[in-house]
Amino acid sequence: MNPAQRKALGNTMKLLVDNEPLVNYPLHDVRGPLDAATAALTGAQMRARLKQGKHLMMDCSAGIFCVYKWSGLENPSGDIGWPGTTGTLLQHLPHFTDPATANVGAIVIYGPSTGEHGSIVYQTGKDPLLWSHGFDGGPVLIRLSVQRTQHHLPVTFLNVKGIGPA
């Protein structure tokens, strides 16, 4: 992943945070037709929907998929034909644990086994600022040090440097 692609990810994350009232989380954390319709949008279609005041629907892992797709990048869960889950992200991408080495776009998964929540590094550092969409009222930008207190351990970073253009 090159700097221009990381910049595109940052721009997409910022656009979604700036339009937070229009970005909804599925009721009872159950994906449905509205999530599928959101995931099917192109980046241009997503931007047009937001400009028209129309809503988007996604959970955390579908949000990660959409950020990557709308930034012109491949599905971080691999070529699986659907957005994927925290578990497919964990299966597909190499793991690391040091937040200070995470670049913009690195994915962060919380919890054991297949994970319970995912976010994306928005701004680097020892305590990176993350893009997170885990409730209706997001997406938000939140520090790793805060978000890690809201979820079970472990915290697993996923290396996305091999993800290329879609």
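If you go through the range 12-58 and pick out every residue that is acidic (Asp, Glu) and at pLDDT 95 or above, you end up with 2.
Scanning the range 20-47 for residues that are of a type outside the set (Val, Ile, Thr) and under 12 Å from TRP70 (Cβ atoms) yields ALA39, ALA40, LEU41, GLY43, ALA44, GLN45, MET46, ARG47. Output the qualifying pairs, or none if there are none: Cβ atoms under 6 angstrom, residues six or more apart or on different chains, first residue in the range 145-166 and of a type in the set (Ser, Thr, Tyr), second residue in a loop (DSSP other than H, G, I, E, B) and surrounded by 12 or more Cβ atoms within 10 Å (Cβ to Cβ). Sorted first by the residue in the range 145-166, then by its partner, the pairs are SER145/ASP127. Evaluating SER61 against the criteria (1) under 22 Å from VAL104 (Cβ atoms); (2) surrounded by fewer than 21 Cβ atoms within 10 Å (Cβ to Cβ); (3) hydroxyl-bearing (Ser, Thr, Tyr) leaves one unmet condition, (2). Here SER119 meets the list (1) surrounded by fewer than 23 Cβ atoms within 10 Å (Cβ to Cβ); (2) small (Gly, Ala, Ser); (3) under 10 Å from the mean Cα position of the chain (by Cα) almost entirely, failing just condition (1). I'd like to know if the range 81-100 contains one or more residues that are over 24 Å from GLU116 (Cα atoms) and either buried (at least 20 other Cβ atoms within 10 Å of the Cβ) or not hydroxyl-bearing (Ser, Thr, Tyr) (or both). No: the range 81-100 contains no residue that is over 24 Å from GLU116 (Cα atoms) and either buried (at least 20 other Cβ atoms within 10 Å of the Cβ) or not hydroxyl-bearing (Ser, Thr, Tyr) (or both). Residues in the range 1-13 that are under 17 Å from ALA48 (Cα atoms) and free of Cβ contacts under 8 Å to residues at least 60 places away in the same chain: THR12 only.
The values are calculated or read from the model by the stated rules, or taken from the named source; none is laboratory data. Quantities reported herein were computed from a predicted structural model and do not represent experimental measurements. Positions of Cβ are backbone-derived with ideal geometry, glycine not excepted, and every protein chain shown enters the neighbour counts.
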